[in-house]
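The numbers here are math on the coordinates, done by the rules we state, and not lab data. Note that the coordinates shown come from a computational prediction; the quantities given were computed from them, not determined experimentally. Quick reminder, even Gly has a Cβ in these numbers, built from the backbone with ideal geometry, and neighbours come from all protein chains shown.
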Amino acid sequence: MAGSVNKVILLGNLGRDPEIRSMQTGSRMASFSIATSKRWKDKVTQEQKDKTSWHNIVVFGDGLVDIVEKYVKKGSKIYIEGELQTRKWQDQDGNDRYTTEVILQGYNSNLTLLDSRNSINNEVSNQSNNTPSEPSKKISDNSDSPEMEDDIPF
């Protein structure tokens, strides 16, 4: 096998409002947690069982952070694609601690808002240069072009 892949896909609900912070470089980042749930029926007791897993999400790129800040709130249902990253840090006692996060940064990330109240800005993807694409791109205004008709069917 040539190369490798680091891709995480999650669909879940936010457990808290996103935290927006400014970094020393002047750019901003957002962090929040997503809950994903698994449901099954116990074969022995026939009882419904649930298991919830929590995932830490970190978003970089001012355009995508702006979208998170404006539209993503506690309880929001979102779909994300990102990269898994584990970082090491030290607690107050000097002990090494590890945190695994899903990172949304660059062109390989995707954040889709699934709540009906967010249907206007339904999908935000990081295509390149940390700039989110518009979900419904505006057709350029070519009023000088004789080929353009006034009656556009969409």
(message) For a test of the definition: using alpha carbon positions, the gyration tensor, and the 1.5 limit on a/c, classify the stretch 1-122 as rounded, prolate or oblate.
(response) oblate
(request) Would you please put 79-86, 102-109 in order of how densely packed they are, using the mean number of other Cβ atoms within 10 angstrom per residue and starting with the highest? (result) 102-109, 79-86
(message) Skipping prolines and chain starts, which residues have an amide H placed within reach, meaning under 5 Å, of the one on V8, given they are 5 or more residues away or on another chain?
(response) G82, E83, L84
(request) Return the distance in nm (one decimal) between the two label points of a simple spin-label model at Q85 and Q48, each offset 7 Å from Cα along Cα→Cβ. (result) 3.9
